[in-house]
Amino acid sequence: MSSKKKIYWKGLPELKNDAAFVKHADKEFVDLGVQEDPGHSRRDFLKMMGFSVAAASLAACEAPVRKAIPYIVKPVDVDPGIPNYYASTYVNGGDYCSVVVKVRDGRPIKLEGNALSSVTKGGTSAQVEASVLSLYDNFRLRGPKIADKASDWETVDKEITTKLGEIAGKGGQIRIVSNTLLSPSTKAAIEVFKAKYPTTTHIQYDPVSYYGMWKANEESFGKGLIPSYDFSKAKLIVSVGADFLGTWLSPIEFTKGYAVNREVSEDKREMSRHYQFESNLTLTGANADYRGQMKPSQEGAVLAQIYNIVTGGSATDSGVKWVEKAAKELLENKGASLVVCSSNDKETQVLVNEINNALGNYGTTILPGLPVNFRQGNDEAMAAFVEEVKAGKVDGVIFYNCNPVYDHPMGADLEKALKSLTLSVSTSYTPDETASASGYMAPDHHYLESWNDFEPKPGHYSLSQPAITPLFKSRQAQESFMVWAGEQNVDYFTFVSDNWKKWFFDKQNAEASFQTFWDKCLYNGVYEFTADSTSLNFTSHAAEALSVVTAPAKPSGQYEVVIYESYGIGTGAMANNPLLQELPDPITKATWDHYVTVSQLDAKELGIENDAEGHTQMLSFAVNGKQVELPALIQPGQAKGTLGVALGYGRTKVGAVAENLGQNLYPALKLANGSLSYIASVAKPAVKDSFQLAQTQIHQTYMGRENVIQESVLAEFKKDPSAGRWNPHISNWDKKEEAKDVSLWKGHEYKNHYWGMAIDLNTCTGCAACVVACNVENNVALVGKQEVINRREMHWLRIDRYYSSDALPGSYKEMEIASDNPEVTFQPMMCQHCNNAPCETVCPVAATTHSTEGLNQMTYNRCIGTRYCANNCPYKVRRFNWFKYHDNQQFYQSNPAMNTDLGRMVLNPEVTVRSRGVMEKCSFCVQRIQTGKLTAKKEKRPLNDGEVITACQAACTTGAIVFGDMNNPESRISKLLKIENDPKRPYSIDKKIGNPRAYRVLEDIGVKPNVFYLTKIRNKDVEKSAKAEQKEHA
Amino acid sequence: MKYKLADLIKFFTLALLILSYSSSFSQEIPTDAASISAGEALFNGNCKSCHRVDKKLVGPALAGVQDRAPSIKWILEWVKNPAKVIASGDEYANKIYNEYNKSQMTAFTSYTDTQILSILAYVKAYKPEEPAAAPAAGAPAAGGAGISNDYLNVIIAGMILILVLMVVILGLIVSALKRFLNQKDLNEDDAEVVNSPYSVSSITRSSGFIFLVVFVVASIGFKQVIDGLYSIGVQQDYAPKQPIAFSHKLHAGAYEINCKYCHTGVLKGKQANIPSPNICMNCHTQIKQESPEIQKIYSAIGYDPKTASYTGKQKPIEWVRIHNLPDLAYFNHAQHVNVGGIECQTCHGPVQEMEVVRQYSLLTMGWCIDCHRKTDVNNKGNDYYNKLTELHKASKGKMKVEDIGGLECAKCHY
């Protein structure tokens, strides 16, 4: 291990050692002067107590009569209390994920990835995991509406058909507008509509557009497309602005592929290297080995420099760090590298294509022969459509599950123009901005209530099937299209299955009967075959692209703004999902808010300070004429002179959760060279009023302890797989011993199972899908913005994001360097299920105890809320119920899952909903452990590895989380950790861990946790000493 | 040569014998005990809800069926697929079909010939229970020498009353005597005897006595309060009126229908399941059509007995839940009944004797824990427990639920 010592910090206040931060840093519970209920006196307390005693004794006299209502005719395969699983598909615009839906007593309650899909391969994302709650969104339309008045389908159909007939009669124009459509049957249904009304044109657009890329490929290959990217084949990845692990194109698929080459072990001491050049610190940038900061205006120069080096042309200098190194290494990895770029500018993307072509990446890491359908939007067609509507050239428009009034830059114009149309219909399942502006609301089902099919790529098909009877009087939009086209007896299920018979069944030989074929596809959720790929020829347009891209476009203002897709709520379509609103952003750790990210240097210039409680100031500036006023968040790693603002906020018709949250940035986008541009130049922002952001984690400290994060670089790891490990020794009376082996306790013996978890810090990308999965699985309460500010978030599983740098804090200058572009490490942190648990020993009522299987159990009904356990927890993972979060109108907005009849349907019946005054924490999904064991017992066989999977493990796309029985030598965790069983004490907790990368957080304090972490390995060259680095930088 | 030929003939005869024996074997009703007991298990599990050996229920009494039916082969075919036999125009089949109001027997397609034959073996070997045995099992526990408990109570109460009266009378006599003696002139010794300082009133006024009484009263009161508090939420003997007067005594008791026939979830999952009316209809399309209680089922499931058809108008039945565990406690029937092999009656009591079902057990945590302490783990033949059984061999005594973590919080609370 090198002597070099890094410092880790969770937020700027910690780095700067603010007085206010230090004051509270060591406290689990902080008195922030929150006045809970100042109106009550001691007298009131006595009155209340008297009343409640009387009420309790009265209530106890007679127990409520509870009813049990069985099925009238019980379906054969549905048993109350036993979940059923159905394969289906999550689709939100062009976002795609093949999923398995867990249905308990007829209600979908949890989503998991479908491993049979070769696109997403069982991966999920935070949004996918959260989407199950959207099904029970209280804001959903209960049925069709005409001009905001409830109606019925018969009337709606009659009126719409009449109006369509009128329009068709006079030869008027009809438009169907949608986001990217992945569904071939939906497209076929639209064709049915078009056949009846030939003046219909179907327009697709994407809120976050990839049209520039599409056009660039049209230029390079003669055919507009977006290719597949295979990150698993790339040894060197260079991303210019593309957040491919977070939001770019197909993040689940890319994360899966990316992880393949990021995994290292004693046997595999190779990993990919990842360069990222960007303005905002994105999730992908946080995972990069080398991260260069650039302004959006430098993008062309960076690409040009790479191009010139790769092609051996005359060298140019972009002035961005690491570009030259990256380009040179690209040359060394021809055919096994990948350059991606987030730009929506055609010429920029053409240049990216040129680079990839020069490197021979086409056919290996980039597959233009296997184009993806994730983004088919056409910015020009959409802009032309709005112009047409404005000009009165269109008579009827149907918005199929899209919201252009909100998420298109010309939305305001569209909203105004819609009023004058003969017919405007929205099929959105909520009365969103577009639906409210339309004459008719003809709500579609939620995807968990629908039949549908999808084609993410040629040869890769998947089905979605209803997991619940439609909750409301909504109707499948495809059926609506066909009904309006005058079709009789429309049934979309039959339509889809007939299509599949025609398209796929007739062309295969494996199955003889269509029913068997269909059942199999439905069971698997996917149907895949090798599609014929047409060979595409690359035509070079390098010179042209290079000249356009490098043409000096002087930014007009002092600052440049990067407008990005919000990591949590995406394009805004899921803004009403509190699971995503309360999900701390992986980088900023902010919840429930919209903000501008500013670099430390700019903040100093503007005179903004952030403190540990999230206090900040509002910044006011105009982006392309749209005035924006948002709180500033000082973000380490933000490029100087740039501001980052997310899309997805500022929804006006969205339901209680996200109302009046932030500002809408879509109107600030503008068309440039035929496609939408997500960058803009602004003048120096004005600093306005103060504001308080709700951030998690920034107020905690790891107290400078060295073994929380243990990391090394690949070169060191190659030499010694235990590189980066920190093993303090203690001198005992006879010998030196490892600190973790010294114990006052006798230790436990786990005779049957010994549950443990291993988390690979190298493959964990910090995506937070596990956090949402945990929330949904374990009925974790969402507490809302104010309670997050009060440091009372309830997440059982959090992802600690540590910044680190070699620079030692001392002078202000050094601190500036430290916070300028820090390295980032993500560490999922939950109850560590310590064998010598400090919480257990301090509980006065034995509400938290140890099990014979290594679990640290929390018994809510026994807890009296002393909070001693949380105070004594070294990992700060215990959560206290400060309020009754269920059936409490105070939390109606933030926690609908426990406060509305509709929302409650998502709760997991296997897990108790906790009440006020009790402590809670990660249980290692004990309900899943018990279910797995019971299944084995019923089948009279031992429990096999892989039968018990925790929610976080199931959600983890990269497979960074491994859970299992450490007593079972055949289990994955035993093999991963290389557990060597002591034959004399096979059931002891003191197992010898053979994996040199494995460590336990705060191991030396002797609590013996059952959660192991594998060291973080960065693929960096062995660095010069910290001082030399600093000098160079200075 | 001759010798050899005889041998050959012998061999062939033997072979023929064996052949004929084995071919007829599959059609012959076995008589061995193993087959009969296997048949009994199958009969109880599957046939008993509609058939009895010695009396007519939903279906005919099965006694003598082997002689009554056209052939054993016919029975085998009939059990596997009655519809097919009826459809084939078989005379006997159609006769029974019409006799039983055209209600068709459930097909048991998965049965092997051997299984059906073993059922027949049981039917053939069936002997009705000795009538003398019946009252012995049903009679209440007799108290003392032929005097019932009620009489005993009356006698004791009467005697206590007489004793109290005697004490009162004696007290009156004592005070009368005292008054009489005090009117006379007595010497000092006698006066001391008559006017003892330890009178009733002096004892009752003594501080020791007052303390004792207060202590006893307070203790009893305290115990009552504590017991009362502990009984909050305990609904033992809760027997609410149900929307349909379903009698377990009749179904589970008299007709001996297996609990699992209706409570289908009990081996599979958490809930035992309150049967859905379609299970009732397995029998009640035929039986007791006219009963007002059965009419309630018909109206719930939407069945018209006159036309023997379903109307599609359904209305759920709202049964009153008897066994209410708090939400914070997790209980799984499959774990106890399927894995643990516990009889339903262990917790639910003699349901087969209950006209209206009542909560038999306390269903308190103490009650659960008590059982987990006392009950042996049903590890026989269950490989899941192999490791635990092996490790337990070292310790004395049988492996109790407690020994394998059955008292841990997170087994029931999560």
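A few notes on this one:
- Centroid-to-centroid separation of the range A:526-562 and the range A:145-176 [C-alpha atoms, Å]: 42 Å
- On the beta carbon distance between B:Thr285 and B:Asp54, with R0 = 22 Å, the FRET formula returns roughly 0.40.
- The magnitude of the dipole of the range B:33-129, with charges of +1 and -1 set on the Cβ of Lys/Arg and Asp/Glu and taken from the Cα centre, is near 160 debye.
- The range A:495-613 shape via C-alpha gyration tensor axes, a/c threshold 1.5: oblate
- For chain A, the dipole from Cβ point charges (+1 on Lys and Arg, -1 on Asp and Glu) about the Cα centre works out to 2060 debye, to the nearest 20.
- ³J(HN,Hα), Karplus 6.51/-1.76/1.60, whole Hz, each residue of the range A:741-751, x for Gly, Pro: 7, 8, 8, 7, 8, 6, x, 9, 10, 9, 7
- Simple spin-label estimate for A:Ser915 and A:Arg66 in nanometres, 7 Å along Cα-Cβ: 1.4 nm
- Paramagnetic reach from A:Asp990 in the range A:707-742 [backbone N under 19 Å; point 7 Å along Cα→Cβ]: A:727-742
- Backbone amide hydrogens, once placed in the peptide plane, bring A:Tyr564 within less than 5 Å of A:Val645, A:Ala646, A:Leu647, excluding anything fewer than 5 places away on its chain.
- Rounded, prolate or oblate (a/c below 1.5 giving rounded, otherwise prolate when a/b exceeds b/c) for the range B:164-222 by Cα gyration tensor: oblate
- For the range B:392-406, Karplus couplings with θ = phi - 60° (6.51, -1.76, 1.60), whole Hz, Gly/Pro x: 6, 3, 5, 8, 6, x, 7, 7, 8, 4, 4, 5, 10, x, x
- Global geometry of chain A, whether rounded, prolate or oblate, following the gyration tensor of its Cα atoms and the 1.5 cut on a/c: rounded
- Working note: Karplus 6.51/-1.76/1.60 with θ = phi - 60° gives the range B:264-271 the couplings 6, x, 4, 8, 9, x, 4, 8 Hz, where Gly and Pro are set to x.
- Pairs with C-alpha atoms separated by more than 27 Å, drawn from the list A:Lys10/A:Lys921; A:Lys991/B:Lys374; A:Lys419/A:Lys670; A:Lys938/B:Lys73; A:Lys457/A:Lys520; A:Lys196/A:Lys670, are A:Lys991/B:Lys374; A:Lys938/B:Lys73; A:Lys196/A:Lys670.
- Spacing of the modelled spin labels on A:Ala739 and A:Phe472, each 7 Å from Cα toward Cβ, amounts to 5.7 nm.
- Charge-dipole axis of the protein assembly as shown as Lys and Arg at +1 and Asp and Glu at -1 on Cβ define it, positive-most pick from B:Ile36, A:Tyr290, A:Tyr406: B:Ile36
- Near the amide H of A:Ala622, within less than 5 Å, lie the amide hydrogens of A:Val628, A:Ala683, all on another chain or at least 5 residues away, with H placed in the peptide plane.
- Between helix B:113-125 and chain B: long-axis angle, C-alpha atoms, 0 to 90°, nearest 10: 60 degrees
- Net charge over other residues, Cβ less than 12 angstrom from the Cβ of A:Ser497 (K, R count +1; D, E count -1): -2
- Estimated FRET transfer efficiency (A:Ala195, B:Ser37; beta-carbon r; R0 56 Å; 0.05): 0.20
- Other residues lying with their Cβ under 10 Å from the Cβ of A:Ser337 contribute a combined charge of +2, Lys and Arg counting +1, Asp and Glu -1.
- Applying 1/(1 + (r/R0)^6) with R0 = 56 Å to the Cβ-Cβ distance of B:Val194 and B:Asn153 gives a FRET efficiency near 0.85.
- Flagged links, alpha-carbon separation over 29 Å, of A:Lys256/A:Lys554; A:Lys589/A:Lys746; B:Lys55/B:Lys95; A:Lys74/A:Lys501: A:Lys256/A:Lys554; A:Lys589/A:Lys746; A:Lys74/A:Lys501
- Charge dipole of the protein assembly as shown about the Cα centre (unit charges at C-beta), most positive-ward option of B:Val377, A:Gly766, A:Gly625: B:Val377
- Each Cα pair under 8 Å and six or more residues apart adds its sequence gap; the mean of these over the residue count of the range A:211-372 is a relative contact order of 33 percent.
- Helix B:2-25 axis versus longest C-alpha principal axis of chain B: approximately 50°, rounded to the nearest ten.
- Separation in nanometres of the label points that stand 7 Å from Cα toward Cβ, at A:Glu380 and B:Asn98: 8.3 nm
- Farthest toward positive dipole pole in the protein assembly as shown [+1 Lys/Arg, -1 Asp/Glu at C-beta], among A:Leu448, A:Gly113, A:Val926: A:Val926
- Built amide H within the under 5 Å cut-off of A:Arg175, gap 5+: A:Thr201, A:Gly396, A:Val397, A:Ile398
- Tilt relative to chain B, helix B:149-183 - C-alpha long axis, 0 to 90 degrees, to 10: 0 degrees
Taken together, the values in this text are just the output of simple stated rules run on the coordinates, not laboratory data. Fair warning: this is a prediction, and the values are worked out from it, not measured in the lab. Cβ sites come from the backbone with ideal geometry, for glycine too, and all protein chains shown count toward neighbours.
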